There are 2 protein chains.
Amino acid sequence: MLDALFSPKAVAVIGASNRRLTIGYRIVENLVESGFKGPIFPINPKAPYIKNFIAYKDIMDVPLQVDLAHIIVKNTRVAGEIEKCGKMGIKVVIVNTAGFGEIGPEGVKLQEEMLAVAKKYGVRVLGPNCQGVMNSDPEVRAYCNFTFTSMVEGSISLMAQSGGVGEVINNRLYELGLGFRMYASYGNQADINATEILEYWGNDPGTKVILLHIETLQDAAGFAEVARKITKRKPILAMKTGRTKLGAKAVSSHTGGMMAVDTTTNLLLEKCGILTFNDEEELCQAARALAQLPVAEGNRVGIITNTGGPGIIVTDELTERGCDLAEISDASRDTLQGSLYPEASLANPIDVLATATPEHYQLAAETLMSDPGVDIVFVNFITPFFVDTEGVARGLTVVAKDAAKPMVACVMTEKQGWKKTLQIFNDGGIPTFDMPEMAGKVAAAVARYAALQQRQDSPPVTFNDVDTAAAAQLIEKTLASGRSFMAQADAFSLLAAYGLPVPAYSETGDLDGALAAAAEIGYPVTIKVESEEVVHKSDAGGVVLNIKDDQALSEAYRTMAQNFPGAVCFIQKFLNPGIEIMVGANRETEGLGHVVVFGLGGIFVEVMKDVAFRLNPLSADDIEAMITGIKGFPILEGVRGRAGADIEKLKEIIGRISMLLNNHDVIDEMDLNPIFAYPEDREPGLVDVRIKLKGK
Amino acid sequence: MLDALFSPKAVAVIGASNRRLTIGYRIVENLVESGFKGPIFPINPKAPYIKNFIAYKDIMDVPLQVDLAHIIVKNTRVAGEIEKCGKMGIKVVIVNTAGFGEIGPEGVKLQEEMLAVAKKYGVRVLGPNCQGVMNSDPEVRAYCNFTFTSMVEGSISLMAQSGGVGEVINNRLYELGLGFRMYASYGNQADINATEILEYWGNDPGTKVILLHIETLQDAAGFAEVARKITKRKPILAMKTGRTKLGAKAVSSHTGGMMAVDTTTNLLLEKCGILTFNDEEELCQAARALAQLPVAEGNRVGIITNTGGPGIIVTDELTERGCDLAEISDASRDTLQGSLYPEASLANPIDVLATATPEHYQLAAETLMSDPGVDIVFVNFITPFFVDTEGVARGLTVVAKDAAKPMVACVMTEKQGWKKTLQIFNDGGIPTFDMPEMAGKVAAAVARYAALQQRQDSPPVTFNDVDTAAAAQLIEKTLASGRSFMAQADAFSLLAAYGLPVPAYSETGDLDGALAAAAEIGYPVTIKVESEEVVHKSDAGGVVLNIKDDQALSEAYRTMAQNFPGAVCFIQKFLNPGIEIMVGANRETEGLGHVVVFGLGGIFVEVMKDVAFRLNPLSADDIEAMITGIKGFPILEGVRGRAGADIEKLKEIIGRISMLLNNHDVIDEMDLNPIFAYPEDREPGLVDVRIKLKGK
């Protein structure tokens, strides 16, 4: 419970100062100027008073009960102050002081000492090396922070890993008149961490939307668990920065360079139902919309406009961001036909014309609201001087009130002259945006949020015909042997245990065995050397494909035996190449699902980087989105007279792989590359596998 | 000369009114409120006065010389009023009235009548169906327009095809404190058109930057001619809307669906040195920067920051938009090493730390300005309360003053509290932006502008060994025959005349001829039916590839003769497929160069849409950019152990095609698909060609 942190009844500032350009002065000043509701106790061993307050020489001298203390003294003295706080029954300290974990071993030691003292007395610590927190609740007004943004009451709570980014966003929320509910800059997270704060805000009724700035996610699993619960109740919007970081990290050695470092974070955020952004402005504007709008049911936008050009811009933005322009129903057209101007355009966008009256706008909005083909109503409104713009605003708020669908408005005007009009919109629960581009982006964010909410409800794909006992045994066998990479035969057996289509295979240590196996399997066959050391077998000459008879097999076997003395030989039915598919997986973060990657094999993956990622486990919708989401999807459908692939069979393969990964967290990496897919009625084949277990 | 339009000395308003919500009132009011410097004459046959002015019954009654008149009367009466204006010596009329060319045949007739009268008296017409113009020049202050944006003096002139978009941009410029120099909304362009206005602004010393909003470009060739001259002197920034329009237009039937309708417009704009945008906000913000900054020499950005998080955001934006992070030289590092805080980071971004002093900032900026590896200096500055932020601003303006390199600043602050600091930046010629994303976008626009300026200076590729006479003759022959598509033999001869590598070929009408030709060429050969009707020959069975001997040729010939009786047969040396390349061209707009498209053939074009476009003629830089710009470029270099292509030979091919197209505007479409490219030392082969001439 972080009540004492965010809603302190009395605050002490240990290390308060009268020098204006110090944090010790600034915090006292911020508390006073923001209208903190309780007593403030500056602590300073020398100064008789700080600002308007009597100063106490020591926190132990404070005459009233304090629940929150800032600590700004030198890093080596912090632990001592915490001990005194503990003795005084202070519940939380904000350690603004830097010079702890972030500076290396020496600081780490200080941080550990400080934490030990805090733990002894049950004192919770925010920081060290942090700005602090703010709470605009009119009953609290706690500006326990040394930044400069004005504190205006709002319904958005913000946590930023970078103090700088936090300032930029807070300032922008202020400029937009949105203010904020609570703010936290948590520094080193030595004790109180982002997840705990997130959970607290999830339970705060005054917080309607949570904004997060993330550079690196700590305790991703814990974060995910908490976030998933919150996004069922209120929107979380996040911005991950550092997306172009040069050091790209590979999913695996086969699929190197495909995934930038941050892809996992964004996949995780989306898996938790968190809406992600690449732009602070868009983040703030979308927060404004999501704080007050009902959740949409889909991505079909109906547009009403009184000006053509900006309507085109909105259409561009919505289309590029995956929204559909709603098909206006015949019934809706009939309703509008007789009532709008005869020259009005009844396609989508509905152009009601510059001279449209309040009645026209209201009718058009009502019609779209009740049209079952429309999920989001978008109003594009330029304010001509000859129109009763306040009437238009009033008419639209009548429609938006209690409507089940969200309404987003782009109101293009001179803000001073049309202040009243804007006020009517915003008081009536219709968020307004100045520019058609941003309004379009926000409407698209509303649609994305709808999709995320629906995705949260899709269950992972599972199968009943899976031999989990056999699978567990195979993995156990590899672990017991001390290997990281599963032997070919074991890996294929594992796949087969999950019902995946594996060409017939056998393992042998001599030529006679190889010939017998080939006879059993039937030519053509492929042989591979079975050796953990030879990971890229074909590069090392450890693979011979498409062997057609005993003689060729004998030759190939002898060469291999020479090159890899004593190695076991793996023989498998050779398949004629179909469409090459690649599925890979990588368990990046402890306690989270694997990142699964899907693409067409070969140059489509390696050169065109045409792949789709998802965090496991996968739902049927996830698999569908991955398959149809790659640019090369038409190749799977069949193009240029060439046959495509059986897509239903592909979906099943991905689903079974997802289940396998989900059941076996011990798998670190898996590469199925290539999988050959064929036209309908022919079973695909997993012809190459590489499975690395967590380990050693 | 449009002086009378933009700098009128006296304005009449024919159709002025006292009803507040009419255009006839609004224009009079706008003229008065904006402080127009000359007399205003409202014309109204009934009212004794309009607003504060005596009203004249007829324009003929006005006692002083008028040079500009608004006409707002009914469409059928406009011509009559123009006639009277002509008699009064009025030079320009702004016809605000609608109901002309835009409403169909009836309106077209009225428009023509009106123009005839205007021409007779030498009266120039803006519109009809337009808003009008504005000029903020303090000597003029002409608000000849019925919109609502406040007129503040500035150095940016704006022309918008959509009045609505014009309002949005003008409003935004106003909010940003930029104002504008001149504005024009030109409606139907019956007489005065966008190009003429553009030329006028090109010569206006008060206009530092020109902004254009474009939906469809009229008289593209005339526009291009004027624009090219202006961009050598001042920046033109444009936004083309409607970019996702569903109806995509094909470059040709082979390369269908690759190019959206607007691609040509953007290619043309860039060819003219015009910077293009997809976002009004970015357009306005970039205009602000380009209005005052020197032109950069490249795209290498050096960043100074006092906060980590926003520095990462800037890096993301710059990298995504094609900028390079400058390598800080050793000399620069040495300079900074001893002078910044020891904990400062000297990589790029240079993190001077939150507590950095004015001296630190100034030194870092000076160092980057004089570092030869830096083209653009980017300052990221959050305003901590404990820093002399005005000092920082002053220090930076000292560096920016008279600097040869542009400096862009992201100043993250609370605007009221730090008003003075912002003022110092802006008065000192350093444009500031609030958000790191937008500041990054603007810096990237400054870099794009540098590249466009350099591109303007690159000459088209030409060759001296071209047989232009033979080429002209071949084209003449086709035109004389009345065909649109060149016969195969002629088309290949044309390519050969331009020195393009064409496999040996021959044409014949009988089997003996075919056998003789094959003997001459040498097997294997390909035969194709020569028929203008059979455009997609292979679909119709009109092509047989890889014929290896006389017997196979005889069979193929007989089948073809049966299927296409009387058709001529085209025989060509068969080439083993190399890497498939596609080059296409389409002359979209009369008087402009062809749009040239380059890509790898087959699915790379048809499925992956991995192509590069440029407007002909092409410079060596253009060709380089096209080849390296496709995602599949590594395939040309050679990947996965497969040989690549001789890229120098490919460049030459594109260059020769460019020259061919440039010399023969009569070519409507050309498709070279596929061209087979091979590893070094082997000549590529143009194995299929389709050339359509303008015509019939």
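The values are calculated or read from the model by the stated rules, or taken from the named source; none is laboratory data. For clarity, every value in this text was computed on a predicted model and none was experimentally measured. Cβ atoms come from the backbone with ideal geometry, glycine included; neighbour counts cover every protein chain shown.
The figures follow:
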| item | result |
| --- | --- |
| Out of B:GLU317, B:GLU270, sole residue that is within 30 Å of B:ALA224 (Cβ to Cβ), out of contact with any Phe, Trp or Tyr (no Cβ under 9 Å at 6 or more places or on another chain) and part of a helix (DSSP H, G or I) | B:GLU270 |
| A:ILE27 vs. criteria crowded, with 18+ Cβ neighbours inside 10 Å and in contact with a His (Cβ under 9 Å, 6 or more places away or on another chain) | yes |
| Output for the stretch A:539-591, where each listed residue is hydrophobic (A, V, I, L, M, F, W, C) and either part of a helix (DSSP H, G or I) or surrounded by fewer than 13 Cβ atoms within 10 Å (Cβ to Cβ) (or both) | A:ALA552, A:LEU553, A:ALA556, A:MET560, A:ALA561 |
| Qualifying positions in the stretch B:350-374 - under 25 Å from B:TYR449 (Cα atoms) and surrounded by fewer than 24 Cβ atoms within 10 Å (Cβ to Cβ) | B:GLU366, B:MET369, B:SER370, B:ASP371, B:PRO372, B:GLY373 |
| Complete set of residues in the stretch A:117-163 that are among the aromatic types (Phe, Trp, Tyr), touching a Lys or Arg at 6+ places or on another chain (Cβ under 9 Å) and at pLDDT 95 or above | A:TYR121 |
| Every residue from the stretch A:174-196 that is aliphatic (A, V, I, L, M), touching a strand residue (DSSP E or B) at 6+ places or on another chain (Cβ under 9 Å) and surrounded by fewer than 24 Cβ atoms within 10 Å (Cβ to Cβ) | A:LEU178, A:ALA190, A:ILE192, A:ALA194 |
| Test for A:VAL607: is it more than 22 Å from A:ILE691 (Cα to Cα) and touching an Asp or Glu at 6+ places or on another chain (Cβ under 8 Å) | no |
| Pick from the stretch B:596-609, criterion surrounded by 23 or more Cβ atoms within 10 Å (Cβ to Cβ) and more than 19 Å from B:THR264 (Cα to Cα), ranking: farthest from the other protein chains (Cβ to nearest Cβ) | B:LEU600 |
| Verdict on B:THR397 being within 14 Å of chain A (Cβ to nearest Cβ), hydroxyl-bearing (Ser, Thr, Tyr), touching a residue at least 12 places away in the same chain (Cβ under 8 Å) and within 27 Å of A:VAL165 (Cα to Cα) | no |
| Condition met for B:GLY338 (closer than 24 Å to B:VAL392 by Cα, in contact (Cβ under 8 Å) with a residue 24 or more places away in the chain and either in the same structural domain as B:THR413 (by TED's automatic domain parsing) or in contact with a Phe, Trp or Tyr (Cβ under 7 Å, 6 or more places away or on another chain) (or both)) | no |
| Long-range neighbours under 8 Å by Cβ, at least six apart or interchain, first residue within 14 Å of chain B (Cβ to nearest Cβ) within the stretch A:226-243, second among the basic types (Lys, Arg) and buried (at least 19 other Cβ atoms within 10 Å of the Cβ) | none |
| Single match in B:ALA645, B:ALA612 (criterion: part of a strand (DSSP E or B) and either of a type outside the set (S, T, N, Q) or buried (at least 17 other Cβ atoms within 10 Å of the Cβ) (or both)) | B:ALA612 |
| Some residue of the stretch B:145-165 being farther than 19 Å from B:LEU5 by Cα, within 29 Å of the chain's Cα centre (by Cα) and of a type in the set (D, E, K, R) | no |
| Subset of the stretch B:318-331 [under 27 Å from B:THR389 (Cα atoms) and either surrounded by fewer than 22 Cβ atoms within 10 Å (Cβ to Cβ) or more than 14 Å from chain A (Cβ to nearest Cβ) (or both)] | B:LEU325, B:ALA326, B:ILE328 |
| Any hit, the stretch B:652-660, residues being crowded, with 21+ Cβ neighbours inside 10 Å, within 28 Å of the chain's Cα centre (by Cα), assigned to a loop (DSSP other than H, G, I, E, B) and not assigned by TED's automatic domain parsing to the domain that holds B:LEU269 | no |
| Selected residue (criterion: surrounded by the fewest Cβ atoms within 10 Å (Cβ to Cβ)) from residues of the stretch B:623-642 that are in contact (Cβ under 8 Å) with a residue 12 or more places away in the chain and assigned to a loop (DSSP other than H, G, I, E, B) | B:GLY638 |
| Filtered residues of the stretch B:639-663 (kept if within 22 Å of B:LYS609 (Cα to Cα) and away from chain A (no Cβ under 11 Å)) | B:GLY644, B:ALA645, B:ILE647, B:LEU650, B:LYS651, B:ILE653, B:ILE654, B:ILE657, B:SER658 |
| Given (1) in contact with a strand residue (DSSP E or B) (Cβ under 6 Å, 6 or more places away or on another chain); (2) surrounded by 20 or more Cβ atoms within 10 Å (Cβ to Cβ); (3) away from chain B (no Cβ under 12 Å), index of the condition A:GLY163 fails | (3) |
| In the stretch A:408-463, the residues that are more than 13 Å from every other protein chain (Cβ to nearest Cβ) and of a type in the set (Asp, Glu) | A:ASP427, A:ASP457 |
| Answer residue from the stretch B:132-156, given it is away from chain A (no Cβ under 11 Å) and among the polar types (S, T, N, Q) and is farthest from B:PRO39 (Cα to Cα) among those | B:SER155 |
| Single condition B:GLU270 does not satisfy, out of (1) buried (at least 21 other Cβ atoms within 10 Å of the Cβ); (2) under 11 Å from the mean Cα position of the chain (by Cα); (3) at pLDDT 90 or above; (4) not aromatic (Phe, Trp, Tyr) | (1) |
| The stretch B:121-140, residues that are in a loop (DSSP other than H, G, I, E, B) and either of a type in the set (Ser, Thr, Tyr) or over 13 Å from B:TYR183 (Cβ atoms) (or both) | B:GLY122, B:VAL123, B:GLY127, B:PRO128, B:ASN129, B:SER136, B:PRO138, B:GLU139 |
| Selection within the stretch B:481-512 - out of contact with any Ser or Thr (no Cβ under 8 Å at 6 or more places or on another chain), assigned to a helix (DSSP H, G or I) and over 25 Å from B:LYS694 (Cα atoms) | B:ASP512 |
| Extreme residue, farthest from the other protein chains (Cβ to nearest Cβ), among residues of the stretch B:371-386 that are without any contact (Cβ under 8 Å) to a residue 40 or more places away in the chain and closer than 16 Å to B:LEU422 by Cβ | B:THR383 |
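Rundown of residues vs (1) within 14 Å of chain B (Cβ to nearest Cβ); (2) touching a Gly at 6+ places or on another chain (Cβ under 7 Å); (3) assigned to a helix (DSSP H, G or I), yes/no style:
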{"residue": "A:LEU158", "(1), (2), (3)": "yes, yes, no"}
{"residue": "A:ASN170", "(1), (2), (3)": "yes, no, yes"}
{"residue": "A:ASN188", "(1), (2), (3)": "no, yes, no"}
{"residue": "A:ASP191", "(1), (2), (3)": "no, no, no"}
{"residue": "A:TYR200", "(1), (2), (3)": "no, no, yes"}
